[in-house]
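Presented below is the structure to which this report refers.
FYI, it's all coordinate maths here, none of it is from the lab. Note that the structure is predicted; figures quoted are calculated from it, not measured. Positions of Cβ are generated from backbone atoms using ideal geometry, with glycine treated the same way; all protein chains shown enter the neighbour counts.
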């Protein structure tokens, strides 16, 4: 896969993750009423889909050549790329922990709707932070490539 194809693939996967995130947020916002069990099942399924795609996207960045492309274009950014890779490991671990917490919730828990939303919100905050850092890195690389100023 050439560099342009790698960049397009990462961009497409980023958009797909955004769509899956929107679906997850939709599941979280549904009114579960007194039916906590079915609501939690739906949220868990949505979160599992999100988690699987997040792992896929991380693999694409790390194994698919995107981060190699960044280092190739800007060898001075190797520390930032390493920081991103550490963030990937944290997000994968955190997504697994979040899923475990969601699966452990029951109707007898205090505020299961609120707890589920909080678990996911914390996870999404980590993803949002990571994407912001990643976007800054990518912008830096592309500014150099097209002759822009930093």
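Miscellaneous remarks
- Global geometry of the range 1-52, whether rounded, prolate or oblate, following the gyration tensor of its Cα atoms and the 1.5 cut on a/c: prolate
- Spin-label model, residue 71 to residue 11: label points 7 Å out along the Cα-to-beta-carbon direction sit 2.4 nm apart.
- Percentage relative contact order, the chain, counting C-alpha pairs under 8 Å, at least six apart: 25
- Computed Kirkwood radius, in angstrom, where 1/r is averaged over Cα pairs of the chain: 16.7
- Taking every C-alpha pair closer than 8 Å and separated by at least 6 residues, the mean separation divided by the residue count of the range 51-137 gives a relative contact order of 29 percent.
- In a fully extended conformation the segment linking residue 52 and residue 110 would gain 18.0 nm over its present Cα-Cα distance, using 0.36 nm per residue.
- Computed lengthening from residue 86 to residue 124, 0.36 nm per intervening residue step minus Cα-Cα distance: 12.0 nm
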